[in-house]
1. Might you check whether a residue that is charged (D, E, K, R) and at pLDDT below 90 occurs anywhere in region 122-144?
2. Could you grab me the full set of residues in region 33-81 that are touching a residue at least 60 places away in the same chain (Cβ under 8 Å) and under 14 Å from GLY19 (Cα atoms)?
3. Among the residues that make up region 24-38, is at least one of them within 13 Å of the chain's Cα centre (by Cα), surrounded by fewer than 18 Cβ atoms within 10 Å (Cβ to Cβ) and modelled with pLDDT of 90 or more?
4. When the residues of region 80-121 are filtered to those that are basic (Lys, Arg) and within 26 Å of VAL155 (Cα to Cα), which remaining residue is farthest from the chain's Cα centre (by Cα)?
5. Check off (1) part of a loop (DSSP other than H, G, I, E, B); (2) touching a residue at least 12 places away in the same chain (Cβ under 8 Å) for SER16 and give me the number that stays unchecked.
Amino acid sequence: MTDRHVFTARLVVDRSGMGHVDVPAAVSKAIGRGKAPVEARLGRSEPFRGTLMPAGGGRHRLFLSKATRFAAGIKPGDRVRITAVVDDGKRDVPIPPDLREALVEADVLDAWEGMPPGKREHILGWVEKAVHEVTREKRIARSVEEALKRHERKVDRER
């Protein structure tokens, strides 16, 4: 089942440079609690994959990378029309063998797979863009660190 939602929201960019839009309450209510993977479009820009992330109080946020904002031609404070189609299907994000081996060795493969698909895709793109093998190895090590941080946060919450 897929749900299509169209709404207008203001772009907010925090001090770190991360951008997001707050999803209207009516859309969050229709989606329900928890994360919701989506294919979204800002205005008439090219569609991109993202995740509506819980923001508290039953509301969601859609985080927007700098590249996505630039491609859509939007700046902080701009109001933008967003079309988001909820994708209830599982998003398969294949893991390269060398990264999988490093995640298994560090015992954090489950934490990696628990990351939002968009974050995994972003990290994998970064790893794949490495020109030199040494750079790729460093990026794989950094990816394992990200999964380890996620694992540690989960363990801390369970205490």
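1. no
2. The answer is GLY50, THR51, MET53, ILE74, LYS75, PRO76, GLY77, ASP78, ARG79, VAL80.
3. No, every residue in region 24-38 fails to be within 13 Å of the chain's Cα centre (by Cα), surrounded by fewer than 18 Cβ atoms within 10 Å (Cβ to Cβ) and modelled with pLDDT of 90 or more.
4. It comes out as ARG100.
5. Exception for SER16: condition (2).
Residue-by-condition table, conditions (1) among the hydrophobic types (A, V, I, L, M, F, W, C); (2) surrounded by fewer than 15 Cβ atoms within 10 Å (Cβ to Cβ); (3) at pLDDT 95 or above:
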residue	(1), (2), (3)
ARG59	no, no, no
LEU64	yes, no, no
ILE74	yes, no, no
GLY77	no, yes, no
THR83	no, no, no
ASP87	no, no, no
ASP92	no, yes, no
VAL108	yes, no, no
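The values are calculated or read from the model by the stated rules, or taken from the named source; none is laboratory data. For clarity, every value in this text was computed on a predicted model and none was experimentally measured. Don't worry about glycine lacking a Cβ; one is built from the backbone with ideal geometry, like all the others, and counts go over all protein chains shown.
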